[in-house]
Structure formats: structure tokens, C-alpha cells
Amino acid sequence: MKNPLGADLVIPALALGFAAYFFVSIADLAWEAKANGVMIGGVLVVLIAVQLIRTAVALARGKASLLFNPLWEPREALVKRAGMVAVTVAFIATLGWLGLTLGLLLALFAALWIMGARGKALVVLPIAVAAAAYLLFVALLQSEIPHGPIEKLLS
């Protein structure tokens, strides 16, 4: 039976779209930021090329197909996968309004809930990650991340 590698191309395709967006979005930045952006984006494109070459070799040898079966199996996991996509889309869509800290806290809580986490981990982990992100990106680096209610309250 041939190894179904179609699902293995989903993330590289999304990453290629992200890299293209990344290259366009750094166009107006200072040369130092552009250089870093090109380096990071370049590494991402190289990794995508490696995955595509690996897949092409397996297809040429007849050991693989472009079927997407692993993406849809097991069927019981589809609801969780759709939930994770919904959480990701909601996080991105509300980031400007909620800010990084609150958005990350809520998104991580929802993602952990979907994955089945309960108890202390469901509370402690989102709070710890959101607090670390606030301390690093807002307090320490003073980055231009979206500021929401928590960032405005603490500033």
C-alpha cells in the first residue's frame, strides 16, 4: 500500500502562504528588520522545498500517493480538529480587540479544553503563558503587539 502524503503538504502550503505574506509585510521596515525577515522567511521556504522534494521522490518511486486520508482519520478527531481551527481563527480575528494577553489566555484555555485537559493545567497553563507573553512582549521588549484591556489596565 502506498503511503498517503497529501495531508503532509497542507502545512507546507499554509507555511508558503505565510512566508509570502511575511515577505510582503516587511517591505516597509528598516533594513535590519528586512534582513532578519528575509533570513527567517528564507529558512521557512527552504524547509518547504525539502518537504516538497521528499514528497516528490516518494511519488516518483511509487511508494506514495497524494491521498489525504490521514487528515480525515480517525473520524473521532475531526470535531477536535475543527475546534482547534475555530479557536485559531477566533484568536486571529479578535487579537486587535482583545490584545495579545487576553486573547492568548482565552485561546489557550479553549484549545486545552478541546484537547481534553481538565483541572489545574486548564487554569495554570493559560495564565502562565499569557503572563509570560505580557512580560516578554509588552513589559520587556515594548513591542507593537495589539494592546487590549489587560495591556491598557497594566500600563
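Annotations
- Using distinct alpha-carbon pairs, which all enter the 1/r mean, Kirkwood radius of the chain in Å: 18.5
- In percent, rounded to a whole number, the relative contact order of the chain is 24, using alpha-carbon pairs under 8 Å and six or more apart.
- Computed from label points 7 Å out along Cα-Cβ, the spacing between residue 16 and residue 29 is 2.3 nm.
- Taking amide H as placed 1.01 Å from N in the peptide plane, residue 3 has its amide H under 5 Å from the amide H of 64, 65, each at least 5 places away in sequence or on another chain.
- The coefficient of translational diffusion for the stretch 1-73, derived via Stokes-Einstein from the alpha carbon Kirkwood radius under 10 °C and 1.306 mPa s, stands at 116 µm²/s.
- In the chain, the longest principal axis of the Cα atoms and the axis of helix 78-115 are about 40 degrees apart.
- When the listed pairs 2/80; 2/34; 34/80 are checked against a 31 Å cut-off, the alpha-carbon distance exceeds it for 2/34; 34/80.
- Tail fraction, Cα-Cα pairs, the stretch 74-155, threshold 18 Å, whole percent: 46
Here, each number is a calculation from the coordinates, and none is a lab measurement. This is a predicted model, so every value here is computed, not measured. Ideal geometry is used to build each Cβ from the backbone, glycine not excepted, and the neighbour counts take in all protein chains shown.
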